[in-house]
1. On full extension of the chain, what length is gained from Arg371 through Leu408, given 0.36 nm per residue of separation minus the C-alpha to C-alpha distance?
2. Taking 0.36 nm per residue of separation and subtracting the Cα-Cα distance, what length does fully extending Asp514 through Arg463 add?
3. Just flag the chymotrypsin sites (Phe, Trp or Tyr not before Pro) in the stretch 399-502 sitting in loop per DSSP whose Cβ has no more than 15 other Cβ atoms within 10 Å.
4. Nearest 0.05, what FRET efficiency do Ala382 and Asp281 give at R0 = 45 Å with Cβ-Cβ as r?
5. Please give me the summed charge of the neighbours of Met122: other residues whose Cβ is under 14 Å from its Cβ, Lys and Arg +1, Asp and Glu -1.
6. If we sort 145-155, 171-181 on the protection proxy, mean other Cβ atoms within 10 Å, highest first, what's the order?
7. Sorted by mean Cβ packing within 10 Å, highest first, what order do the peptides 391-399, 444-452, 116-124 take?
8. Expressed in nm to one decimal, what extension gain is obtained for the pair Val103 and Arg326 from 0.36 nm per residue of sequence separation less their Cα-Cα distance?
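Where a number appears in this text, it was derived from the coordinates with a stated rule and is not lab data. If you're wondering where the values come from, they're calculated on a predicted model, not measured in any experiment. Heads up, the Cβs are rebuilt from the backbone with ideal geometry, glycines too, and the neighbour counts pull from every protein chain shown.
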Amino acid sequence: MMTGEPSRDSVSTAAAATGPLPVASRPLQPPQISSRSRRITALRVASQAAFTTLFVGLLIGASVAGAEAVLTNRFFFAIDPLLALTESLATRTVVVGAAIALVPLALTLGVGRFFCGWVCPMGAINHVVSWSAFRMGHRPAGIDRRWLKVKYLLLAAVVVMAAGGSRMGTLLDPVALLNRSLSTFVLPATGVFVNPWSLPPAEESPTPDEPRPQLLQAAAVPSPPPPSRLVAHATGIGVLFVAIVLLNLHRRRLFCNALCPLGAMYGLAARFSLLRVRTGDSCAECGTCAQGCPSQDGPSGEHASQDCLLCLNCVDDCPVGAAELRPATAADPPAVPFDVGRRKVFASVAAGLGFTAMAALAPEGRARDRRFLRPPGALAEAEFLSRCIRCGQCAQACPTGFIQPAGLETGPDGLWTPVVSAAVGYCAWACNQCTRVCPTGALQPLPLAEKRAFKIGTAVVDRSRCYTWADGMNCTACADRCPVPGNAIRFQEGAVWSFAGERVIVKRIHVTSDLCTGCGICEHACPRFDAPGIVVGCGDERRENAFESLVRTG
């Protein structure tokens, strides 16, 4: 035994003489860590590290040009029962392949919330931050038991919203939340994304059908720089992620204990788990196990199995080795009554109904108000919103930053869903990666040839800004970079007034709408720095017209 550690007899005698102390006032006992406990801790840490590394590796792999769709986090999304349940409710269909999400739920019935303590990458990050705070002497407190009920109320609201056709509840799903935060904030902030100029060249090059005038004389037009993928809405995602991580400095694993709806779903199953963390006859009731527990609930006495994250800190910390994971027996103390409050449940359901109604009462045809564009392969707006989980996978896969998280321009139900922005990037002619990595089918998989023909929108010349219309200057920047065979941007000779007040003959830009696919390269390449002279709008977008019938019949 290590010097300074209390013996089993001394701890038992002290507890018998004084009675068990309240958790808040009990002194932290130096643990007597057995070799078995060390093996359990090492195994848990190894499991968390392996799954987190796999998660991040697959996320980065999704952005590699030409990578197969299987090299994504589709596995983590597939085993998420909350995503499977909300998709089934929102789309009113039986999701093909959702049965795999029942596997972790079935295992939870056997061993408890193993996913939260051993698999979940978001849980691993929260655990590491809490552990690091302890190592640095900060010692964040365990969570107040009243807060443990909040996650069940959030789960009720999420289910109600999904039943009304909204997937907004997935904003707090830990798998989608971490994937979105890494894709749109953390990795772009660190520069971890594929260089857009490393894409393979287009198989077909644009061949102009007429000689082009000399490029703009006033200034050479540079090639578009590698894009910065951080925008205002992505920063909001990052602020939420950082706030969740920093909350661990205030309360240990606060998100996992109080705010995670997926954890609530596993908690409901864990109430009936066959294995429980319990203490044996050698327990001295010193309270050390509760002090290291993220939910401030030791395995001695009344133990809420639905809130146990199966981190097994109590097994490590017990100074006499009394805490262990073992099958539940009739001799165990009764389970803590599960009661979140009837009024609170009604309030949560009402909140879910209220949000669903607010989204449904948004102006009809918001998808057609021409203020935003969806990525190629997107379903019609109503079905798209019922499937999209705001995971950010398509944004990470996009090599140019063309795909960005939306703000409120898509309506209250479209926050952080993917939209495209030519101000940041463009749709690369040789890339169809976003259509291959979507885990829910909100973006339909498209072969490269079909993706190239998919009409995102149509470019429109702003005659008040285009150099060839407003200033009487010859410019071919947009036409030079149009990737469509035959070139969707043409020239027509005409007389205009120049900025010097002279009547001049120039080659003015025109868009052939039947050929334009709305890729945004022309808008991104426009040399005007105040505002582009050519912009892409939602005119004739395929998803709200022919593509809707194609999906429903195909």
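1. Numbers: separation 37, 0.36 × 37 = 13.32 nm, distance 1.08 nm.
Full extension of this stretch gives 12.2 nm more.
2. On the way: separation 51, 0.36 × 51 = 18.36 nm, distance 1.99 nm.
Full extension from Asp514 to Arg463 adds 16.4 nm.
3. Numbers: sites: Phe402, Trp416, Tyr426, Trp429, Phe454, Tyr467, Trp469, Phe491, Trp497, Phe499; in loops: Phe402, Trp416, Tyr426, Trp429, Phe454, Phe499.
Answer by residue number: Phe499.
4. Values: r = 61 Å, r/R0 = 1.35.
It comes to 0.15.
5. Working: positive: Arg113, Lys151, Arg180, Arg253; negative: Asp80, Asp173.
Residues close to Met122 contribute a combined charge of +2.
6. On the way: 145-155: 18.5, 171-181: 25.0.
Per-residue Cβ counts within 10 Å, averaged per peptide and sorted highest first, yield 171-181, 145-155.
7. Working: 391-399: 29.2, 444-452: 16.2, 116-124: 25.1.
Order by mean packing, descending: 391-399, 116-124, 444-452.
8. On the way: separation 223, 0.36 × 223 = 80.28 nm, distance 2.13 nm.
Separation in residues times 0.36 nm, less the Cα-Cα distance, equals 78.1 nm.
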